[in-house]
Amino acid sequence: MLDNLTQRLAKAVKTMRGEARLTESNTAEMLREVRLALLEADVALPAVREFIGRVKEKAMGEDVIGALSPGQALVGVVQRELAAIMGADLGPEASQLNFATQPPAIILMAGLQGAGKTTTVGKLAKYLREQKKKKVLTVSADVYRPAAIGQLKTVTEQVGADFFPSEITDKPVDIALAALDYAKRHYHDVLIIDTAGRLGIDEAMMQEISAIHAAVKPIETLFVVDAMLGQDAINTAKAFSDALPLTGIVLTKLDGDSRGGAALSVRHITGKPIKFAGVAEKLDGLEAFDPVRMADRILG
Ligand code: GDP
């Protein structure tokens, strides 16, 4: 089993007995351990580099006296900084959905196929109905996979929200606009638009979702990403973040055994808050994202 960060740093710290402050030279070895721990958690290298730079800056001059050991002092800095980057410094409002618009508030879902978009639409619809007392309509703009439309219909019915049927012969933009028109006429508070995902990044898919975005101007554009994605999370996040003005992230499959380094990679690229965590296949498996817990998990 891998040592956790505190144990690793305790081993790396032999050289700095009697020193009262963290300095560039006495923390270099410990920072190498932090770097390795993050890489083992599948954080992508550019995100690791940025984070280590930030920790170094914050750690310099940090008082070791009072901490049980210099390693412990550095662990404290690492934990605080990681939680801050995960969103602890954004405040609790950052993870709230924005409804400050003329109804319906439109939520556009983006992400690769298999990321968990459709499941998350069901979870969000349930949460919005039960916790926020919203009247919710869902629609699928995935005209390439009739099964995806059927899956959305099923999850929507399971949570008691309304489903707008789409025809696979229609254009995705037209489907979204028709659903919006229906939602307005039937006084829905929220319209959630599920979109097609491909197995990899694909120019045509990006253009299509950008066109939907331009047509309906959603107040929330959520990037759904699988926590198990590992190093690749950074490229996926970059492609979606370049194509769309994202407003938030949903990190799915956190019930799996990944350390969830994808969370740091995605924050590094997008700078947008992670609003929710998917923690089960079931439709009640959605939680508000907890930055401190995520930081602990990544550090092992
Ligand atoms: P989409 O292609 O992005 O719409 O992805 P789906 O919603 O179809 O989800 C793909 C698979 O991931 C399905 O088998 C879901 O049940 C599963 N899934 C989605 N979210 C979660 C989650 O938070 N935890 C777990 N364990 N499975 C999930």
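Is one or more of the residues making up the stretch 141-148 of a type in the set (Lys, Arg) and closer than 14 Å to Pro104 by Cβ? No, the conditions are met nowhere in the stretch 141-148. Report whether or not Ala239 is closer than 30 Å to Ile85 by Cα, touching a strand residue (DSSP E or B) at 6+ places or on another chain (Cβ under 9 Å) and within 16 Å of the ligand (Cβ to nearest atom). Criteria not met by Ala239. Taking the stretch 157-206 as the range and being within 14 Å of Ser140 (Cα to Cα), exposed (fewer than 13 other Cβ atoms within 10 Å of the Cβ) and of a type in the set (Ser, Thr, Tyr) as the test, only Thr169 passes. Condition check for Gly150 on (1) surrounded by 14 or more Cβ atoms within 10 Å (Cβ to Cβ); (2) over 21 Å from the mean Cα position of the chain (by Cα): one failure, at (1). In the stretch 139-165, of all residues being within 12 Å of the ligand (Cβ to nearest atom) and among the hydroxyl-bearing types (Ser, Thr, Tyr), the one that is farthest from Ala178 (Cα to Cα) corresponds to Thr154. Of all residues in the stretch 173-209, those satisfying the criterion of being under 25 Å from Leu128 (Cβ atoms) and of a type in the set (Gly, Ala, Ser) are Ala176, Ala178, Ala179, Ala183, Ala196, Gly197.
Go through the stretch 174-205 residue by residue and tally those that are touching an Asp or Glu at 6+ places or on another chain (Cβ under 8 Å) and either part of a helix (DSSP H, G or I) or of a type in the set (Lys, Arg) (or both). Adding up the residues that qualify gives 2.
Quick one: would you say Ile209 is touching a strand residue (DSSP E or B) at 6+ places or on another chain (Cβ under 6 Å) and either surrounded by 21 or more Cβ atoms within 10 Å (Cβ to Cβ) or over 28 Å from Pro103 (Cα atoms) (or both)?
Yes; evaluated as a whole, the condition is true for this residue.
Screening Asp170 on (1) acidic (Asp, Glu); (2) within 12 Å of the ligand (Cβ to nearest atom); (3) over 20 Å from Leu124 (Cβ atoms) shows it passes everything except condition (2).
Being under 23 Å from Thr236 (Cα atoms) and basic (Lys, Arg) holds for only one residue in Arg145, Arg129, Arg185, and it is Arg145. All of Gly260, Gly278 fail the test of being at positive phi and within 11 Å of the chain's Cα centre (by Cα), apart from Gly260. Can you pull out every residue in the stretch 249-300 that is buried (at least 22 other Cβ atoms within 10 Å of the Cβ), more than 14 Å from the ligand (Cβ to nearest atom) and free of Cβ contacts under 8 Å to residues at least 60 places away in the same chain? If the condition is that a residue be buried (at least 22 other Cβ atoms within 10 Å of the Cβ), more than 14 Å from the ligand (Cβ to nearest atom) and free of Cβ contacts under 8 Å to residues at least 60 places away in the same chain, then Val266 is the only one that fits.
Surrounded by 22 or more Cβ atoms within 10 Å (Cβ to Cβ) and over 30 Å from Glu29 (Cα atoms): does that describe Leu74? No. For the stretch 102-112, does any single residue satisfy the condition of being at negative phi, within 16 Å of the ligand (Cβ to nearest atom) and surrounded by fewer than 19 Cβ atoms within 10 Å (Cβ to Cβ)? No - not one qualifying residue is present in the stretch 102-112.
Among the residues here, Ala125 qualifies as of a type in the set (A, V, I, L, M) and within 14 Å of the ligand (Cβ to nearest atom).
Taken together, the values in this text are just the output of simple stated rules run on the coordinates, not laboratory data. Just so you know, these numbers come straight off a predicted model, no measurement behind them. FYI the Cβ positions are ideal-geometry reconstructions off the backbone, even for glycines, and counts take in every protein chain you see.
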